[in-house]
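Input: a single structure, listed below in structure tokens.
The values are calculated or read from the model by the stated rules, or taken from the named source; none is laboratory data. What you are looking at is a predicted structure, and each value in this text was computed from that prediction instead of being measured. Positions of Cβ are backbone-derived with ideal geometry, glycine not excepted, and every protein chain shown enters the neighbour counts. Areas reflect the complete protein model, heavy atoms only, side chains present, ligands, DNA and RNA absent. Shrake-Rupley method; radii C 1.70, N 1.55, O 1.52, S 1.80 Å.
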Amino acid sequence: GDKKNGGLQMFGGFLDLNSVIEMFNDAFEQFNVSHTINKLNFGPYLSAPTRNSLNQTSQLVGQTRTVIDGYGMFQYYLQVVPTVFRFLNGTTIETFQYSVTEHTRHVDPGSNRGLPGVFFFYEVSALHVEFEEYRRGWTHFFTGVCAAVGGAFTVMGMLDRSLFEWKSGHGGTLLT
């Protein structure tokens with residue numbers, strides 16, 4: 001193993017299978033798959049202000065996972081969704097969003113349940129998402145105001161009628 005760079009490097013030609021298994025078992029006694037994900041993007045790089053304005057967050061960025069005993073397997077299953085943003089000024093940004101499911105499990109050496117490590121599996125969705133910015137005209141605003149005023153008149157009319165009928169049913173006095 002290469003202790004200076006923290007990695008495992010193997011050189012050689014032909015190896016006996018039993019020797020390889022024994023070499024891997026020896027290597028895994030000190031194999032540490034603790035990790036931090038500093039950056040994970042799909043598609044073009046978007047600056048921090050642009051990502052924030054589009055409400056784009058990366059769920060895994062800055063996340064640290066630690067293995068205590070050195071025999072961990074981390075599996076990240078990513079669902080990547082193509083996304084398009086269209087703005088009023090005609091600008092279009094084509095990027096990707098992703099969701100992630102994470103599995104962690106303990107892998108004993110020689111158990112044939114897999115190798116310790118960090119694994120990323122991704123699938124690009126057949127569906128895509130489009131966000132389009134648009135303005136509503138004055139007619140939409142005017143219609144909304146008319147609907148609010150009409151609704152207020154209708155509710156007040158129903159309340160007036162109910163009070164009138166209640167007052168008429170109690171001998172003409174509201175309070176006795």
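Modelling each spin label as a point 7 Å along the Cα-to-Cβ direction, I'd like the Glu94/Ser162 distance in nm, to one decimal.
That separation, rounded to one decimal, is 5.7 nm.
Search the structure for amide H atoms under 5 Å from the amide H of Thr83, placed 1.01 Å from N in the peptide plane, and list their residues when 5 or more places away or on another chain.
Thr95, Phe96, Gln97, Val129
If you count the DSSP beta bridges with both ends in segment 53-123, what percent of them are antiparallel, to the nearest 5?
70
With labels modelled as points extended 7 Å from the Cα through the Cβ direction, what inter-label distance (nm, one decimal) is found for Leu54 paired with Arg105?
Modelled inter-label distance: 3.6 nm.
Heads up, I need the accessible area for Tyr71: 1.4 angstrom probe, whole protein in place, Å², nearest 10.
The accessible area comes out at roughly 50 Å².
Which far-off residues, 5 or more places away or on another chain, put their amide H under 5 Å from the one on Phe31, with H placed in the peptide plane?
Those qualifying (amide H under 5 Å, at least 5 residues apart or on another chain) number zero.
Using 0.36 nm per residue, how much length does the chain from Asn41 to Phe141 gain when fully extended, once their Cα-Cα distance is taken away?
Residue separation times 0.36 nm, minus the Cα-Cα distance, leaves 32.0 nm.
With every protein chain present, what is the per residue accessible area of segment 64-157 (1.4 Å probe, Å²)?
That works out to 72 Å² for each residue.
On the protein heavy atoms, probe 1.4 angstrom, tell me the percent of accessible surface of segment 29-105 carried by carbon and sulfur.
Its accessible area is 48 percent carbon and sulfur atoms.
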